[in-house]
Amino acid sequence: MTQFNAATGLAEGSFGIGTYAHGGKAFPGLVQPDGTVFDLSEMYSDTHAIFDDWDRALDKLADLAAKGGETGIRFEAVECLPPVAHPNMLCAGSNYRQHVAEMMTHNKFNQHRRKPGESDESFFERNLAEVDRRAREGAPFFWTGLHSSLTGANADIPMPIVGEHHDWELEFGVIVARSERYVKPEDANHLIAGYVMVNDLGSVDEATRPDTRFEFDWISKHQPNFKPTGPFIVPKQFVDRSQVRIHLRHNGETMQDWPISDMIFPPEQLLSYASERIRLMPGDLLITGSPPGNGAMHGGRWLKPGDVMDSEVTFLGRQHNKCVEDVEGKERGYHFGPFTKMWERFRAQEEA
């Protein structure tokens, strides 16, 4: 049975790779399960350089971790920065069976498919069958992200003045090891360097735009500090995905607690699909979608200043984030502001 060290949440015998600040200096670091941190700046300028050299870097870091020793730097004393500073970001959506079937059952967009008088239970089972059909016959869905939204694992999160429904979505992330095109799913495991925890926050009331034919406005998912990431990336050989659970508490109450085995498309299929459409690069960040339990599914329990999120993903450590006021926003105000809902009313009148 896997043993985890309480100091970091890392499995014994593993290690994590991240970016940290200590004594006024930022550096790429290796974290041992007991909390010992090695400064890697004499070997690599940053973590992007590590993933650019991944095959050799992994051997070097494994040797360093096996040798061990004291460094004078402790994990609890460092500031955790985003493990990778400027990755291309791929964000998978609608990728957990339970979550998607719940949305199809309860959200407005799918109610026209409910049979007259049909119960939620019956409708959910039909929707779950449709999700399974998508897994067999369909394809993943992505949008692209902005690395300016990345922040450290324990950073405060300003609640933007634009939007009111700020929501959490704790996710299992993948760091890309190499650049390739047209990779089959059965061959895609070698594209994975390691795994990382990401909380994919978003102002969900700003995510729909009925005034345009595209209807979605994903920029609301990438406001500053809306992607707490880390505290480290764990090489894939140390992570047994069959054991991984996603767990998030909001003000001490469990909101998400779900196994990643419920994914519709696992990481290899996501990366294969991506490789047919874009050029993956070493150090790119793929987040694989949210399991059930976001604020919208808890009766609209939206984040607000003073709230606290405590998050954990098996093998990948822990996060602690406090929601704070957007001081800059309050001081400066806005011009465009929230999306006006008059367009929704106009569309509803047209459809009536």
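The values are calculated or read from the model by the stated rules, or taken from the named source; none is laboratory data. Everything quoted here is computed from the prediction, not taken from an experiment. Don't worry about glycine lacking a Cβ; one is built from the backbone with ideal geometry, like all the others, and counts go over all protein chains shown. In case anyone asks, the SASA skips ligands and DNA or RNA and just uses the protein heavy atoms, side chains included. Shrake-Rupley method; radii C 1.70, N 1.55, O 1.52, S 1.80 Å.
Figures for the structure shown
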{"quantity": "Per residue accessible area in Å² of segment 195-326, where ligands, DNA and RNA are left out and the probe is 1.4 Å", "calculated": "37 Å²"}
{"quantity": "In Å², nearest 10: area of W54 left accessible to a 1.4 Å probe", "calculated": "20 Å²"}
{"quantity": "Anisotropy class of segment 191-277 from Cα gyration tensor, a/c 1.5 cut", "calculated": "oblate"}
{"quantity": "Relative packing of 259-265, 224-230, which averages over residues the other C-beta atoms within 10 Å, highest first", "calculated": "224-230, 259-265"}
{"quantity": "Mean residue ellipticity (222 nm) of the chain, computed from DSSP H runs ≥ 4 via -39,500 (n - 2.57), nearest 500", "calculated": "-6000 deg cm²/dmol"}
{"quantity": "Dipole of the chain, positive end: most advanced residue of P140, P28, A62 [Cβ charges, Cα centre]", "calculated": "P140"}
{"quantity": "Environment charge at S272 (Cβ cut-off 9 Å; Lys +1, Arg +1, Asp -1, Glu -1)", "calculated": "-3"}
{"quantity": "Rounded percent of accessible protein surface that carbon and sulfur make up, the chain, 1.4 Å probe", "calculated": "51 percent"}
